[in-house]
Amino acid sequence: MPQELSIVQLLLNASWVVQAVVVLLGVVSIISWAAIIRKVFAIRRVNSHNEDFEREFWSGANLNDLYAAAAQSARHGGPMERIFASGMREYQKLRERRITDNGSLLDGARRAMRASFQRELDALETNLSFLGTVGSVAPYVGLFGTVWGIMHAFTGLAALAQVTLATVAPGIAEALVATAIGLFAAIPAVVAYNRFATDIDRVANRMETFMEEFSNILQRNLGNQSASGH
């Protein structure tokens, strides 16, 4: 490609508005890629922790032993483990208060798990709205740079006596670069947003299923205790 039509040269000759738009989109693209990479590893880590805890939970381990282990590794464990610990903590607190109504015990444990679940979901969705904003706004920002660049190019052509393709092409090309960079920033953000939204939905469904299953276990335990008490 001739040097006068290289992207770098086009940007150097562009108006300051187009240059500012390109710099802004470049910074946004770098930030969105950093968010994408962090989110990929975060979701993988969450899935790994949840799988490890589920495997241990369904291996037949004692609930009190699991709760003791979960309480010790609260910061380093996974979301499902923290949800379980929240439910068990509330369940044990209510029993220490001599509450014997099974419905109250179950409702307290479920409310505690639901609150913990919402906190974990909020943490998983961090930066997701940013990626959605980049995906929807970046093309329009690039388009603004293109429109401004074309206006600037035609304004400069007004002083020329003869206009040819060679005089029009550089100005149009430098304006279109802004749209291209806008799409470069938007497309990965949109793809990542849709992928992460699907992955987070799967994690959320898995955690909600666990909460229901754990609630059923608590209900059976309470039923057995009531039966043995009689």
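The values are calculated or read from the model by the stated rules, or taken from the named source; none is laboratory data. Since this is a predicted model, take the numbers as computed values, not measurements. Cβ placement follows ideal geometry from the backbone for every residue including glycine, while neighbour counts extend to all protein chains displayed. Note: accessible area is taken over every heavy atom of the protein model, side chains too, but ligands, DNA and RNA are not part of it. Shrake-Rupley method; radii C 1.70, N 1.55, O 1.52, S 1.80 Å.
The residues of the chain have, on average, 58 Å² of accessible surface per residue, using a 1.4 Å probe with all protein chains present. For the chain, carbon and sulfur atoms together expose 59% of the accessible surface, with a 1.4 angstrom probe and every protein chain in place.
The structure-derived value of Rg and Dmax of the Cα atoms in Å appears in the list (i) 17.3, 52; (ii) 20.7, 73; (iii) 28.6, 105 under the label (iii). Each residue of region 192-200 was assigned a 3J(HN,Hα) from its phi angle through the Karplus expression (A = 6.51, B = -1.76, C = 1.60, θ = phi - 60°), giving 5, 4, 5, 5, 5, 4, 5, 5, 5 Hz with x at Gly and Pro.
In terms of the mean number of neighbouring beta-carbon atoms within 10 Å, the peptides 62-68, 82-88 order highest first as 82-88, 62-68. Given R₀ = 35 Å, FRET efficiency for Asn47-Phe154 by Cβ-Cβ distance, to 0.05? Efficiency, rounded to the nearest 0.05: 0.05.
Taking 0.36 nm per residue of separation and subtracting the current Cα-Cα distance, fully stretching the chain between Ile187 and Ile30 would add 55.2 nm. For the pair Phe144 and Ser73, label points projected 7 Å from Cα toward Cβ lie 4.9 nm apart.
Using θ = phi - 60° in the Karplus curve 6.51 cos²θ - 1.76 cosθ + 1.60, the 3J(HN,Hα) couplings for region 172-178 round to 5, 5, 5, 6, 5, 4, 4 Hz; x is entered for Gly and Pro. Here is how the number arises for the chain: DSSP H runs of 4 or more residues each give -39500 (n - 2.57), the sum is divided by the residue count, and the result at 222 nm is -30500 deg cm²/dmol. In order along region 123-135, the Karplus-derived 3J(HN,Hα) couplings, from 6.51 cos²θ - 1.76 cosθ + 1.60 at θ = phi - 60°, round to 5, 5, 8, 4, 6, 5, 5, 5, 5, x, 5, 4, x Hz, and Gly and Pro are given as x.
Taking the average, over residues, of other Cβ atoms within 10 Å as the packing measure, peptides 103-110, 184-191 rank 184-191, 103-110 from highest down.
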